[in-house]
Amino acid sequence: MDSLLKEINQGKTHFVCKHTGEELLLIPLKDNVADFNQYLVLNELGAYIWDALHPEITYAALQNQILNEFEVEEENLREDLQKFITALYQYTCKK
Amino acid sequence: MKPNGSICVAGYNFTLYNQSVCGLIFETGFEDFLSLETPDDARKVYIHEGFISFEIIKNCYQAKNNEQLLWEIVDTENGRWFLVYHPEHSHLQQQAQYNDQEKTWTIYCQRQAHQKEEVLHPLAYPMAPLMWYVLTTEEQLLLIHASGIIESGKGRIFAGFSGVGKSTMANIWQNNGAEIINDDRLLLKKETNGSWRFHNTPMYYRAVPKSAVLNHIFFPFHSPQNTIEKLSGAKAIAQLLAFTIHHGYDSKHLLHHSSVTENLLQDITAAKLGVVPTSEIIAFIKTNE
């Protein structure tokens, strides 16, 4: 998971990010051109995770950060976070 | 130096300073946007004859229509330049530089024969839409692929790319008493009183400057029955941004446009619209918008 986080973080520069309300709109840039067919809307927690990513962050640290910030059960979070990070990796790095 | 006149688009003025001995010509669509007035608050456009030479350090961006190069941005030892090409013959048509501090355009173009005269054609397509685009990167303004109509004091626009039925929708409304502002390209502008209006821009055909208050935005698509899906939040922003015009050379422009879009959607409703192209769509919209 740590290596996925690192790759997602590296891929962040290929997106224009727009916070609106609690949502975050991600618009991918391909060859410098915005691709509106592939935009993604993240909810409040997804947006928090996106913003929390930085080069040194580890999966364990991210999980702890979320547990401190949101009222979620650790077991549920572990499962959902893995799914989310995997999906986000597919979206940001594998397109 | 005395200006030679001005162009007014969506309430923004551009004064023209002809630095050559040649006269200027403009496309037919500019006729009613041109004026001899020279407002103080205008952006300035300095027009020179001929081309200058410079060394290109870096190619930053190329705008193409299929494989045809329309214009490109290059960095030179003399700053950043737009090189604008003839849309059919591909030859260099204008060299242009924009100074965003002084809000000044400098345009170089070659003289050409026109009715036994030698003239300059400084804003020949695609130069002018490029200038409107740069304007949108500085103002509360969006350039959008959309048709727009006004009916009983209510303005509606139908945004989408070619083939979704923008013109068809405009014509249906016109046949039922509405006035078309334009059926292809509009500028959406936040006015000084906080309201939003949509404006036409000079096209290749003659049309007087028109504008209308903006009340509703629709994204039409062909459908076996009339349907409506109201949009909000980030999804609405993405949908509207998809049909506004962006040039990818600076992601700051996209951020600016997304902020303008967010601002607009706080006041104006947006919806996806499945359309059967008959006059029944009018009653459907009025009932459901």
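Rule-based calculations on the coordinates, nothing more; no lab input. In this text, all values refer to a predicted model and were calculated from it rather than measured experimentally. Cβ atoms come from the backbone with ideal geometry, glycine included; neighbour counts cover every protein chain shown.
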- Query: FRET efficiency for A:Glu69 and A:Asn32, Cβ-Cβ distance as r, R0 = 51 Å, nearest 0.05?
  - Reply: 0.90
- In terms of the charge dipole of the range A:2-93, which places +1 on Lys and Arg and -1 on Asp and Glu at the beta carbon, the residue among A:Gly21, A:Asn64, A:Tyr91 farthest towards the positive end is A:Tyr91
- Query: Taking the Cβ-Cβ separation of A:Glu56 and B:Phe221 as r and a Förster radius of 56 Å, what is the calculated FRET efficiency to the nearest 0.05?
  - Reply: 0.80
- Task: Kindly provide the Kirkwood hydrodynamic radius of the range A:2-93 in Å, to one decimal, from all pairs of distinct alpha carbon atoms.
- Result: 13.7
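What order do you get for B:Asp100, B:Asp184 when you list them from fewest to most C-beta neighbours inside 10 Å?
Sorted ascending by nearby Cβ count, the order is B:Asp100, B:Asp184.
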- Task: Would you list the P(r) distribution for the range B:135-289, with all Cα-Cα distances sorted into 5 Å bins from 0 and each bin expressed as a whole %?
- Result: 2, 10, 20, 24, 21, 14, 7, 2, 0
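Taking only the Cα atoms of the protein assembly as shown, how large is their convex hull per residue, in Å³? The partial results should precede the final answer.
Details: hull volume 71.2 nm³, N = 384.
So the per-residue Cα hull volume is 185 Å³.
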- Query: What full-extension length gain, to one decimal in nm, is calculated for B:Glu138 and B:Ile56 as 0.36 nm per residue of separation minus the Cα-Cα distance?
  - Reply: 26.9 nm
- Item | Angstrom value of the Kirkwood radius, inverse mean 1/r, which spans all Cα pairs in chain B | 20.2
- Query: Where in chain B lies the longest segment free of chymotrypsin sites (Phe, Trp or Tyr not before Pro) that are both loop residues by DSSP (not H, G, I, E, B) and have at most 11 other Cβ atoms within 10 Å?
  - Reply: B:1-160
- Query: Put a dot 7 Å past each Cα toward the Cβ at B:Ser167 and B:Glu88; how far apart are the dots in nm?
  - Reply: 1.7
- Determine the calculated [θ] at 222 nm for the protein assembly as shown from helices alone, applying -39500 (n - 2.57) to every DSSP H run no shorter than 4 residues and normalising by the residue count; nearest 500 deg cm²/dmol. -8500 deg cm²/dmol
- Message: Can you compute the modelled spin-label distance between B:Val213 and B:Glu229, with each label point 7 Å from Cα toward Cβ, in nm?
- Response: 3.1
- Note on the structure: With +1 at each Lys and Arg Cβ and -1 at each Asp and Glu Cβ, the charge dipole magnitude of chain B around its Cα centre, to the nearest 20 debye, comes out at 580
- Task: Specify which residue in the list B:Leu188, B:His222, B:Thr168 is farthest towards the positive end of the charge dipole of the range B:146-226, using unit charges on the beta carbon of Lys, Arg (+1) and Asp, Glu (-1), about the Cα centre.
- Result: B:Leu188
- Task: In debye, nearest 20, what is the charge dipole magnitude of the range A:1-75 about its Cα centre with +1 on Lys and Arg Cβ and -1 on Asp and Glu Cβ, if you could check?
- Result: 500
- Distance from the range B:37-56 to the range B:200-262 (C-alpha centre basis), Å: 30
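Length gain on complete extension for the stretch B:Leu36 to B:Glu151, per 0.36 nm per residue less the alpha carbon to alpha carbon distance?
38.2 nm
Taking Cα pairs under 8 Å and at least six residues apart, what relative contact order does chain A come out at, in percent? Intermediate results must be reported in sequence, preceding the final value.
Values: 93 pairs, mean separation 31.7, N = 95.
Relative contact order, chain A: 33 percent.
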